Structures are given as C-alpha cells and as structure tokens.
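J.: Take a look at this one; I'll ask things after.
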Amino acid sequence: MTRIAIRPAQPDDLDTITHIYADAVLHGTATYELDPPDRSEMQQRFEAMVAGGYPYIVAEEEGVLLGYAYAGPFRPRPAYRFMVEDSIYIAPTAKGRGTGRLLLERLLLESEELGFRQMIAVIGDGTPQSASVKLHERLGFVHCGTMAGSGYKHGRWLDTVLMQYAMNGGSDTDPDPTSLPERRFQQGG
C-alpha cells in the first residue's frame, strides 16, 4: 500500500488542479460555479492565495495528484481577518480514500500555525448525508447555519451549510499580535 503525501501546491500542479476543479464544477454541487475557469484563471487564484500567505496544498500518491485544498479569506472586511474558509476538491478516482481528511487536517494545522482563529466551511449542497458535511463533523466543526435554497444547479435548488472550527482559543482570547493576519493588518494589507 502506498502512502498519500500532503505537500504545498506548486505552479506545475495547476494543470491537474484545473482539471479536478473543472470536474467538480461540471458534475458536482460543492461549488456553485457553473462554468469551469480556465488554467489562467486558476493560476491567478492560486497566486493570490500564495501571495497572501494562505496554505494551498495537494495530496499526491506516486506522483499523481489526488486532490487539493486551500484556506483563504472568509470575507474581505478587515474585522474578518482572523477567519479563513476552507476549500477541498478531490479527483473523481480518489474519492472515498481519506484524501479529503488528510487535506483538511493539514489545512487546520497550517492555519492554526499562522495564527488564524476560526475556519469556516461553506458547503454547497450541504445535506446531512454529504461527504463534506460528515468530514467536517468528524474533525470537530460545528454547524452554524444553513442557507436554504441558496443555489440552483443541475436542475435543483441547493442548500448551503455553514460550519465553523475554532483554533488558537477562538474568540476566548485576544488576537496574537505576531499572527499572520494581525501582522498583515498592521502593515496595511
């Protein structure tokens, strides 16, 4: 049995990342995009996350990318700077193997190390049976809201589930002035 490795995403991974995301857009309901972005758009998104210091990672097995994930800003307003939103996408052939769990565990670890306080999961088509909802529950996320009928895709209305995970004391302690989000804020960006 081979081991799935989690590592930082690299520009060379973008062809496969674009393909994995295109499959999710065209065939899934986790994302509410209707048209898959091209590689150029995916590169711009990747570069923005990396330039912001956010974790962007891939799962790889024997040189084959199985999925990718990143934690990015939840909202652009500065008071939200201690929150990140996770995104996880798995190649169709790699689903059901624990890849999503490995990616989310690493995202949580890296986001906590950077000093973030909350991770938010915005889960499209978030039914109780959803693999994403179940994964987030298993890793300690709590439900914090449902937006009923918030998306329409593949001929049906979809609910969006919001889940939240507290890190670094959550809202029980003051922000760490040395954390990435606070340093960026103090530097004006």
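The values are calculated or read from the model by the stated rules, or taken from the named source; none is laboratory data. The shown structure was predicted, so the numbers you read here are calculated from the model rather than taken from an experiment. No Cβ is skipped: glycine too gets one built from the backbone with ideal geometry, and neighbour counts run over all protein chains shown. Quick note on the areas: whole protein, heavy atoms, side chains included, nothing else; ligands and nucleic acids left out. Shrake-Rupley method; radii C 1.70, N 1.55, O 1.52, S 1.80 Å.
J.: Only one of these conditions is not met by Leu107: (1) modelled with pLDDT under 95; (2) open to solvent by less than 80 Å² (accessible area, probe 1.4 Å); (3) of a type in the set (A, V, I, L, M, F, W, C). Which number is it?
T.: Checking Leu107 against (1) modelled with pLDDT under 95; (2) open to solvent by less than 80 Å² (accessible area, probe 1.4 Å); (3) of a type in the set (A, V, I, L, M, F, W, C), the one that fails is (1).
J.: Restricting the first residue to the stretch 138-155 and requiring it to be closer than 24 Å to Thr99 by Cβ, which pairs with a second residue that is of a type in the set (Phe, Trp, Tyr) and surrounded by 13 or more Cβ atoms within 10 Å (Cβ to Cβ) meet a Cβ separation below 8 Å and a spacing of at least six or different chains?
T.: Between residues of the stretch 138-155 that are closer than 24 Å to Thr99 by Cβ and residues that are of a type in the set (Phe, Trp, Tyr) and surrounded by 13 or more Cβ atoms within 10 Å (Cβ to Cβ), the close pairs are Leu139/Tyr165; Gly140/Tyr165; Phe141/Tyr165; Val142/Tyr165; Lys153/Tyr32.
J.: Just need a number here: residues in the stretch 169-184 that are in contact with a strand residue (DSSP E or B) (Cβ under 9 Å, 6 or more places away or on another chain) and in contact (Cβ under 8 Å) with a residue 24 or more places away in the chain. Explain how you work it out, then say what you get.
T.: Step one: list which residues in the stretch 169-184 are in contact with a strand residue (DSSP E or B) (Cβ under 9 Å, 6 or more places away or on another chain), which gives 170-172, 181.
Checking the rest, the ones that are also in contact (Cβ under 8 Å) with a residue 24 or more places away in the chain come to 170-171, 181.
Looking only at that region, the number is 3.
J.: Moving on to the next point. Kindly list, by first and then second residue, each pair from a residue in the stretch 110-137 that is under 28 Å from Gly52 (Cα atoms) and among the β-branched types (Val, Ile, Thr) to a residue that is in a helix (DSSP H, G or I) and open to solvent by 20 Å² or more (accessible area, probe 1.4 Å), limited to pairs with Cβ atoms under 9 Å and residues at least 6 apart or on different chains.
T.: Ile123/Ser132
J.: I need the full set of residues from the stretch 85-104 which are open to solvent by less than 20 Å² (accessible area, probe 1.4 Å), within 16 Å of the chain's Cα centre (by Cα) and aliphatic (A, V, I, L, M), in order please.
T.: Ala91, Leu103, Leu104
J.: Among the residues of the stretch 117-134, which ones are touching a Phe, Trp or Tyr at 6+ places or on another chain (Cβ under 7 Å) and within 24 Å of Ala5 (Cβ to Cβ)? Steps first, please.
T.: The first filter runs over the stretch 117-134 and keeps only residues touching a Phe, Trp or Tyr at 6+ places or on another chain (Cβ under 7 Å), leaving 117-121, 124.
Met119, Ala121 - these are the residues of the stretch 117-134 that are touching a Phe, Trp or Tyr at 6+ places or on another chain (Cβ under 7 Å) and within 24 Å of Ala5 (Cβ to Cβ).
J.: Please count how many residues of the stretch 55-97 are farther than 14 Å from Ser132 by Cβ and in contact (Cβ under 8 Å) with a residue 40 or more places away in the chain. So that I can check it myself, show each step before the final result.
T.: Initial filter on the stretch 55-97 (farther than 14 Å from Ser132 by Cβ): 55-66, 68, 70-84, 91-94, 97.
Subsequent filtering for residues that are in contact (Cβ under 8 Å) with a residue 40 or more places away in the chain retains 55-62, 65-66, 68, 70-71, 74, 78, 81-82, 91-92, 97.
Counting residues in the stretch 55-97 that are farther than 14 Å from Ser132 by Cβ and in contact (Cβ under 8 Å) with a residue 40 or more places away in the chain gives 20.
J.: Would you mention how many residues in the stretch 53-76 are modelled with pLDDT of 95 or more and more than 28 Å from Gly98 (Cβ to Cβ)?
T.: Residues in the stretch 53-76 being modelled with pLDDT of 95 or more and more than 28 Å from Gly98 (Cβ to Cβ): 0 in total.
J.: Also, I was wondering about something else. Those residues that are among the charged types (D, E, K, R) and either over 22 Å from the mean Cα position of the chain (by Cα) or open to solvent by 60 Å² or more (accessible area, probe 1.4 Å) (or both), I need them from the stretch 134-189; list them, please. First the steps, then the outcome.
T.: Within the stretch 134-189, the subset among the charged types (D, E, K, R) is 134, 137-138, 153, 156, 159, 172, 174, 176, 182-184.
Residues satisfying the conditions are Lys134, Glu137, Arg138, Arg156, Asp159, Asp172, Asp174, Asp176, Arg183.
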